[in-house]
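Here the structure is laid out as structure tokens; the discussion comes afterwards.
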Amino acid sequence: MTGVPASAAGGPSAAKGGAASGVSGAVPEVPVNAVSGTTAEALSGAAADALSGTTAPAASGAAGDPASGVAADAASGVAVDSESGARAPRGGKIAAAAVNQASVWNIANLLTMLRLVLVPGFVALMLADGGHDPAWRSLAWAAFSIAMITDLFDGHLARTYNLVTDFGKIADPIADKAIMGAALICLSGLGDLPWWVTIVILGRELGITLLRFLVIRYGVIPASRGGKLKTLSQGIAVGMYILALTGWLATARFWVMAVAVLLTVATGLDYVRQAIVLRRQGIAERKAALEETEA
């Protein structure tokens, strides 16, 4: 035989290097940095620095959470986003979630609680001394006005400063209907307001609330401008009836209440229309999604 194969000449060294050398048949192993104690990793493209304890992400991506694209930094306790390279504090997602979950004891919910507490106090003032004393009725009007003003602010504060909570979503509409219902029932019970007006307004409010729950699987019926105008007109009209007014003011409150009742009925019918449309759209979207899945 006249020659020896390169793999035989190099022996194990050639196997480690992965290629044959014409001179020695061996390829040098990956060098070790004796100063920093680091080893260049050729396959992943990442270099580990034993002195600093950090990892540098390579072009192919750093080791870490594949779902979030974040690599943990063992030395500094920070995370590295493999897409943007930005470093965020460890546990940043948990901290952000904690911030987004507003405390129940925030200013918006406290205003809602105040409105709930005012309801029994308002009723007591309305019925004090037979229910027709101008002084007690003035105090009842003050309590009712405070409740209506807090209704304007608590929702705005909750949305503006991210203070929306599950408690607020449930308690706010309850407080609104409680103070309005208490006022209407007291006025009708004292003979100052016809019972049919109270039945129409409260029936509409309870009916629309129930309707919202029935169609919530298809979407949310947003509050309209007409609905907000209805609430404002109701508040003004009921407030005028709470006060012991006489003369032209007593006549004016009748017409203000008439406008409130018309808006109550009109907006109620509009909400029913929106609920029907929302339900039809939801059913159509579900049917289309089911057909697409089957196809």
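Top to bottom by accessible area (1.4 Å), largest first, where do Thr165, Thr293 land?
Greatest to least solvent exposure: Thr293, Thr165.
Considering all projection directions equally, how large on average is the shadow of the alpha-carbon convex hull of region 179-282, in square nanometres?
6.5
In Å², what does the accessible area per residue of region 139-260 work out to with a 1.4 Å probe?
Here the per-residue accessible area is 54 Å².
Across region 159-295, how many lysine pairs separated by 8 or more positions, or lying on different chains, have Cα atoms within less than 26 Å?
5
What distance in nm lies between label points placed 7 Å from Cα along the C-beta direction at Glu292 and Thr209?
Taking the two extended label points, one gets 3.7 nm.
Please list, in order along region 152-166, the HN-Hα scalar couplings obtained from phi with the Karplus expression 6.51 cos²θ - 1.76 cosθ + 1.60 (θ = phi - 60°), rounded to whole Hz, x for Gly and Pro.
Running phi through 6.51 cos²θ - 1.76 cosθ + 1.60 with θ = phi - 60° gives 6, 8, 5, x, 5, 5, 5, 6, 5, 10, 6, 10, 6, 10, 4 Hz.
What is the projected area of the convex hull of the Cα atoms of region 138-230, averaged over all directions, in nm²?
If you wrap the Cα atoms of region 138-230 in a convex hull and average its projections, you get 7.2 nm².
Sorted by mean Cβ packing within 10 Å, highest first, what order do the peptides 252-259, 139-146, 207-214 take?
139-146, 252-259, 207-214
Tell me the carbon and sulfur percent of the accessible area for region 141-295, rounded to whole percent, probe radius 1.4 Å.
Taking all protein chains in place, region 141-295 shows 70 percent carbon and sulfur surface.
Considering only the other residues whose Cβ falls under 14 Å of the Cβ of Ser145, what net charge follows from Lys and Arg at +1 and Asp and Glu at -1?
That works out to +1.
Note down the accessible area of Glu285, probe 1.4 Å, to the nearest 10 Å².
130
Return the whole-Å distance between the Cα centroid of region 100-149 and the Cα centroid of region 169-193.
Region 100-149 and region 169-193 have Cα centres spaced 11 Å from each other.
What percent of all Cα-Cα pairs in region 200-251 falls into each 5 Å bin, going from 0 up to the bin containing the maximum distance?
With 5 Å bins starting at 0, P(r) equals 4, 15, 18, 20, 15, 11, 7, 5, 3, 2, 0.
The values are calculated or read from the model by the stated rules, or taken from the named source; none is laboratory data. Small disclaimer: the values here were computed from a predicted structure and weren't measured. Neighbour counts run over all protein chains shown; Cβ positions are idealised from the backbone, glycine included. For the accessible areas, the whole protein counts, side chains as well, though only heavy atoms, and no ligand, DNA or RNA atoms are used. Shrake-Rupley method; radii C 1.70, N 1.55, O 1.52, S 1.80 Å.
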